[in-house]
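Report on the following structure.
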Amino acid sequence: MRHLWGPWSPLGVTIAVATMVIDQVHKWWMLVAYRIEEKVRVTVTPFLDLVYVKNLGVSYGLFTQDSWQGQWFLAGFAVVAVLAMAAWLAYGVTDRLVAASFGLIMGGAAGNAIDRLILGGVADFFSLHAFGYYWYVFNIADAAIVAGVCGLLYDSLSPSRNRASKSP
């Protein structure tokens, strides 16, 4: 286990756990307390609706897995990805932005993996739309993963990172 702990691990793991907990509490609230399945579609704003969709695949429903074995496979893949990111966090991360970004991605992946094991697919609720065009339905874990990827992209494109990679 000490192979998965480094100087930026406390920050990354704290963000991962917080992201996973917030995601799971929100999903519990939407499904059990708010009972979104019974409401079909709830208009929140002119561009945002709440709706329940169980995603049996990965992003945009790709690689759909209709069986429990398929969901367990996808959850297992997420666990392997989280462990790989934890190792990278322990050994390859040198700043706060990257550690936080990894934490968001790890927490989001873990939250969606839990859904696969408990619900047989990922629970999604937020439906953004405009001018008759509907984007995919997503959840807090998905938003955290996207934010984490944006943080990693920003870091990789930042001038200080580019200067550091060119120095001897």
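The values are calculated or read from the model by the stated rules, or taken from the named source; none is laboratory data. No experiment lies behind these values; they were computed from the predicted model shown. FYI the Cβ positions are ideal-geometry reconstructions off the backbone, even for glycines, and counts take in every protein chain you see.
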>> Looking at the range 24-61 only, could you name the residues that are surrounded by 12 or more Cβ atoms within 10 Å (Cβ to Cβ), under 21 Å from the mean Cα position of the chain (by Cα), under 16 Å from residue 127 (Cα atoms) and not hydrophobic (A, V, I, L, M, F, W, C)?
In response: 26, 27, 49, 52, 54, 55, 59, 61
> Could you list, in sequence order, the residues of the range 130-153 that are free of Cβ contacts under 8 Å to residues at least 40 places away in the same chain, of a type in the set (Phe, Trp, Tyr) and either buried (at least 16 other Cβ atoms within 10 Å of the Cβ) or touching a helix residue (DSSP H, G or I) at 6+ places or on another chain (Cβ under 9 Å) (or both)?
Replying inline: 138
>> Checking the conditions here, which among 156, 101 is surrounded by fewer than 15 Cβ atoms within 10 Å (Cβ to Cβ), part of a helix (DSSP H, G or I) and not hydrophobic (A, V, I, L, M, F, W, C)?
In response: 156
> Only one residue in 83, 50 is at pLDDT 90 or above, farther than 30 Å from residue 38 by Cβ and not small (Gly, Ala, Ser). Which one?
Replying inline: 83
> residue 135 is checked against (1) closer than 16 Å to residue 19 by Cα; (2) modelled with pLDDT under 95; (3) not small (Gly, Ala, Ser) and fails just one. What number does that condition carry?
Replying inline: (1)
>> Could you check the range 10-45 and list, in sequence order, the residues that are modelled with pLDDT under 95 and in contact with a helix residue (DSSP H, G or I) (Cβ under 6 Å, 6 or more places away or on another chain)?
In response: none
